[in-house]
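Taking it in order: structure first as structure tokens, then the write-up.
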Amino acid sequence: MLKIGEFSKLSRVSVRMLRHYDEIGLLKPAVTDPFTDYRYYREDQLPTVCRITALRDLGFSLADTARILAVYDDREQLERYFAARQAELEALLADTAHKLTLLDTARKRLRKEENMNYNVTLKTIPERYAATVHAVIPRYEQEGMIWSTLVAETAPLGLVEADPCLCAVTFLDGEYKEQDVEMLAWKTVKGSYPDTEHVQFRTLPEVTVASCTFRGSYDQISEVYAAIVSWIEANGYESAGPMFNIYHVSPHETQNPEEFVTEACYPVRKM
């Protein structure tokens, strides 16, 4: 028999932790003296405490460790526990990698744009004839679904693009939505064309907007919107309709986010 201090040295587990294992029933001493309350362990309990340490190093909770020890000799059940833990760690790794990427992007933008201000201007976009698609899509990131529909259904029509050709999306919801996003995609064209199943050709009205054109990835869009809203409030204007983004250089033209050129537009009127 080994006293708890000797067992602690051999197992490299503190006496405090061994007492805790005893209290929760994870590893009971072989003998506990009823008069002195001294704990004694057998040498053959050393492999068990080593298993406990190994499982804790893998990130298993004490409750899971107890369950795994109960089936440790069942290789199939043990494999299931290990596979589940591997899946958890891989998900954590992916989430951490995503956060690190966002952090790196934020730091680069901070260095690059430390002294940069978003310039907001007031402009009037004239009346324009456009091919439009009004749809509800699962998420903002799937905006490409609308453009695919527009391109596919107008391909046989031989559209003549306006000069300049504006490609934009108007966000019709009154709030940010995590799913079922309502949008109107539009592309300005010259001529006259018949409507298709999902594409409607119509004249969009003249609109006065607070506009901000920026270069780079869409990650900065919230900062751009904040700058526009501040400008609107500071200059005595108010919102006069749903906002829209005009894509001057989009993923259709380049796969490099740093080359994107986007114009955020808020319809406004003087208060």
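Tabulated data for the structure shown
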{"quantity": "Among residues of the range 170-199, those that are surrounded by 15 or more Cβ atoms within 10 Å (Cβ to Cβ), in a strand (DSSP E or B) and out of contact with any Lys or Arg (no Cβ under 8 Å at 6 or more places or on another chain), counted", "calculated": "10"}
{"quantity": "Where residue 89 falls short, out of the listed (1) in contact (Cβ under 8 Å) with a residue 24 or more places away in the chain; (2) touching a helix residue (DSSP H, G or I) at 6+ places or on another chain (Cβ under 8 Å)", "calculated": "(2)"}
{"quantity": "Hits in the range 117-137 (condition: over 17 Å from residue 161 (Cα atoms), in a loop (DSSP other than H, G, I, E, B) and of a type outside the set (Ser, Thr, Tyr))", "calculated": "117, 119, 120"}
{"quantity": "Identity of the residue in the range 217-271, of a type in the set (Gly, Ala, Ser) and outside any helix (DSSP H, G or I), that ends up modelled with the lowest pLDDT", "calculated": "217"}
{"quantity": "Close pairs from the range 1-25: first over 13 Å from residue 42 (Cβ atoms) and open to solvent by 100 Å² or more (accessible area, probe 1.4 Å), partner aliphatic (A, V, I, L, M) and modelled with pLDDT of 90 or more, Cβ under 8 Å, at least 6 apart", "calculated": "19/4"}
{"quantity": "Hits in the range 202-229 - residues which are in contact (Cβ under 8 Å) with a residue 24 or more places away in the chain and small (Gly, Ala, Ser)", "calculated": "210, 211, 216, 217, 227"}
{"quantity": "Criterion (farther than 17 Å from residue 10 by Cβ, surrounded by 15 or more Cβ atoms within 10 Å (Cβ to Cβ) and free of Cβ contacts under 8 Å to residues at least 12 places away in the same chain) met by exactly one of 56, 75", "calculated": "56"}
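The values are calculated or read from the model by the stated rules, or taken from the named source; none is laboratory data. As the structure is a computational prediction, the values presented were derived from the model and not from experiment. A quick note on method: Cβ atoms are made from the backbone with ideal geometry, for glycine too, and the neighbour counts reach across all protein chains shown. Accessible surface is based on the protein model in full, side chains and every heavy atom, while ligands, DNA and RNA are left aside. Shrake-Rupley method; radii C 1.70, N 1.55, O 1.52, S 1.80 Å.
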